[in-house]
Amino acid sequence: MRGWIAFAAFALAQTASAAGFRAAPVKAPASFEFVPAFLGSMSLSLSERPFYASELLGAFDRQLSAIESLPDPDAVARTLQNGIEGAGRERKTMAVRAGELGAAPVPSERAAAILAANALSRPDQFQRVVNGLEELQPGLGTRVSEALRESGRSAGAQPGLVRLLRQAGETITPQITNGLYNAKGELERLFDGR
């Protein structure tokens, strides 16, 4: 569990360059797999609340606006960590938050912080997250990628961080392989069994 705590703490580098906003790769423990756990919570959240996808996208836009003008990687890491852990009586450690993933719905604001942190710290893994979101709710993964591409609108946005966010949005796009829905909005496998 300690490795996942390190992932959530984001170990962002000290420089303000674009590379400084990217987290160092962190190995999660073998017993915890972030992507299926996170997507499990997203599935539960989407089934529990009919407008959850819209709430998540709004929260993700707000999260990106909040972090893109922060002065350094440490401030970004603290903001995302606080968004994941929560505040006041709702505050829980990263280890507890990790244990909740996959077992319970996640409030949209917390899920947005997790998405932003994952896009910055694990872009290699974020592709799977976006694919999974698109399979759960057609258009959701696409909109998450679009929000990243459109980042940098806030006054005082930090160029290095905005460059990383936009790069993630440009390179990570949903790729549906198993569903009836694809990125063009066409139905697949319905009649021919593919």
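The values are calculated or read from the model by the stated rules, or taken from the named source; none is laboratory data. Since the structure is predicted, the reported quantities are computational estimates derived from the model, not experimental observations. Heads up, the Cβs are rebuilt from the backbone with ideal geometry, glycines too, and the neighbour counts pull from every protein chain shown. Side chains are part of the model used for accessible areas, which takes the heavy atoms of the whole protein and leaves out ligands, DNA and RNA. Shrake-Rupley method; radii C 1.70, N 1.55, O 1.52, S 1.80 Å.
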key: Summed residue charge, Cβ within 11 Å of Glu100's Cβ, Lys/Arg positive, Asp/Glu negative   = +3
remark   = Rounded to a whole %, the carbon-and-sulfur portion of the accessible area of segment 50-120 at a 1.4 Å probe is 56
key: Solvent-accessible area per residue for segment 81-177 (1.4 angstrom probe, square angstrom)   = 43
inquiry  = Ordering Glu55, Glu85 by accessible area with a probe of 1.4 Å, largest first, what comes out?
reply    = Glu55, Glu85
